[in-house]
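**Student:** Dropping the structure in here first, questions after.
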Amino acid sequence: MATSQIRTFMFAGHDTTSSTMCYTLHLLSKNPTARHQLIAEHNDVLGPDYKQAAKQISERPNLLNQLLYTSAVIKETLRLYPAASSVRSGEPGCSISTPNGLQLPTDGFLIWINAYVLHNHREHWPEIDSFLPERWIVNEGDPLYPPKGADRPFGSGPRNCIGQKLAVLELKLILVLTAREFDIKSVYEEWGELHPTKGIKTLNGDRAYQIISGSAHPNDGLPCRVSLATH
Ligand code: HEM
């Protein structure tokens with residue numbers, strides 16, 4: 001029992017968070033305005049010298065709670081690219097209602113509550129294809145305000161992700177300790193030239209679409225170049 005629990009924690013705790021981190025860096029690389037805003041927040045909250053960030057956070061970890069835009073960047077990444085989903089067992093007497101009035105029995109089935117579909121559903125989300133961290137900061141009543149229940153990167157209910165707070169904390173820390181020091185750019189075009197036989201595959205125009213490989217990973221491993229930031 002203990003071995004199985006430890007293995008679940010090791011897998012669930014590592015693969016999802018690292019894949020989300022890759023997508024966060026990819027989206028920041030594609031959205032320079034958001035990246036500038038993120039860096040401005042780090043300068044405001046932690047001071048302009050990025051080399052002091054680790055020391056400051058270890059002395060005052062509560063500073064991380066002030067990083068509202070950084071949290072919004074992580075939430076918006078998890079909306080566009082949720083690393084995992086939920087599965088539940090069907091039960092006798094439990095059915096699913098469809099929009100056209102059918103009742104689908106669930107007994108004997110496993111039900112996949114697909115977060116990607118929910119998060120990319122045009123009926124629920126305005127400006128659905130845009131990377132808009134702002135939607136996680138606006139007040140209720142704003143057209144961008146996230147619809148209730150449509151955002152489930154960590155599942156829902158008593159079996160939701162036990163590691164979600166740790167995951168967000170890790171993601172915030174990594175961003176704070178890297179975003180100001182490095183420029184990380186996705187270079188799919190360059191990768192394509194180096195691997196002409198692999199072809200250019202996209203999904204709805206997206207080169208970094210998710211493929212299942214444990215949790216959901218970026219297609220072709222998200223090739224990127226890292227350099228020291230010049231800003
Ligand atoms: C961005 C990072 C992560 C994402 C997107 C994620 C997502 C999920 C999702 C969707 C579920 C299923 C929840 C449900 O069925 O309602 C889940 C379950 C779980 N996660 Fe995470 N997770 C992440 C990070 C972590 C971390 C850091 C840990 C532990 C250190 C962890 C441990 C677990 C465990 C043990 C479960 C099973 C919970 C249960 O069945 O009661 N996860 N996660």
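**Student:** I'm trying to understand the selection: among the residues of the range 185-231, which are in a strand (DSSP E or B) and closer than 14 Å to M21 by Cα? Steps first, answer last, please.
**Tutor:** Step one: filter the range 185-231 for residues in a strand (DSSP E or B), giving 185-186, 203, 206, 210-213, 215-218, 224-228.
Those that are in a strand (DSSP E or B) and closer than 14 Å to M21 by Cα: K185, S186, Q210, S215, A216, H217, P218, C224.
**Student:** Next question. So how many residues does the range 18-36 have that are farther than 12 Å from I184 by Cβ, surrounded by fewer than 20 Cβ atoms within 10 Å (Cβ to Cβ) and within 15 Å of the ligand (Cβ to nearest atom)?
**Tutor:** 1
**Student:** Residue under question is E59, and the condition is that it be of a type in the set (D, E, K, R) and surrounded by fewer than 18 Cβ atoms within 10 Å (Cβ to Cβ); does it hold? It would help to see each step written out before you state the result.
**Tutor:** Working: of a type in the set (D, E, K, R): yes; surrounded by fewer than 18 Cβ atoms within 10 Å (Cβ to Cβ): yes.
Answer is yes for this residue.
**Student:** While we're looking at this one, here's another question. Listed residues I96, I111, I128; which is touching a strand residue (DSSP E or B) at 6+ places or on another chain (Cβ under 8 Å) and surrounded by 14 or more Cβ atoms within 10 Å (Cβ to Cβ)?
**Tutor:** Details: I96 fails: surrounded by 14 or more Cβ atoms within 10 Å (Cβ to Cβ); I128 fails: touching a strand residue (DSSP E or B) at 6+ places or on another chain (Cβ under 8 Å).
The unique qualifying residue is I111.
**Student:** Restricting to the range 97-154, give me the number of residues that are over 18 Å from the mean Cα position of the chain (by Cα), of a type in the set (A, V, I, L, M) and closer than 18 Å to P82 by Cβ.
**Tutor:** The number of residues fulfilling the criteria is 1.
**Student:** Does I39 meet the test of being within 16 Å of the ligand (Cβ to nearest atom) and either more than 19 Å from E170 (Cβ to Cβ) or surrounded by fewer than 17 Cβ atoms within 10 Å (Cβ to Cβ) (or both)?
**Tutor:** Numbers: within 16 Å of the ligand (Cβ to nearest atom): no; either more than 19 Å from E170 (Cβ to Cβ) or surrounded by fewer than 17 Cβ atoms within 10 Å (Cβ to Cβ) (or both): yes.
So I39 fails the test.
**Student:** Return the residue satisfying two criteria in turn: it lies in the range 134-167 and is more than 16 Å from the ligand (Cβ to nearest atom) and in contact (Cβ under 8 Å) with a residue 12 or more places away in the chain, and of such residues it is surrounded by the fewest Cβ atoms within 10 Å (Cβ to Cβ).
**Tutor:** Let us first name the residues in the range 134-167 that are more than 16 Å from the ligand (Cβ to nearest atom), namely 134-135, 137-148.
With the extra rule that they be in contact (Cβ under 8 Å) with a residue 12 or more places away in the chain, the set shrinks to 134-135, 137, 143-144, 146-147.
Numbers: E134: 16, R135: 21, I137: 15, P143: 8, L144: 15, P146: 19, P147: 12.
Among them, the one singled out is P143.
No lab work stands behind these numbers, since they all come straight from the coordinates. Keep in mind the model is a prediction, meaning the values are calculated, not measured. Note: ideal-geometry Cβ built from the backbone for every residue, glycine included; neighbour counts use all protein chains shown.
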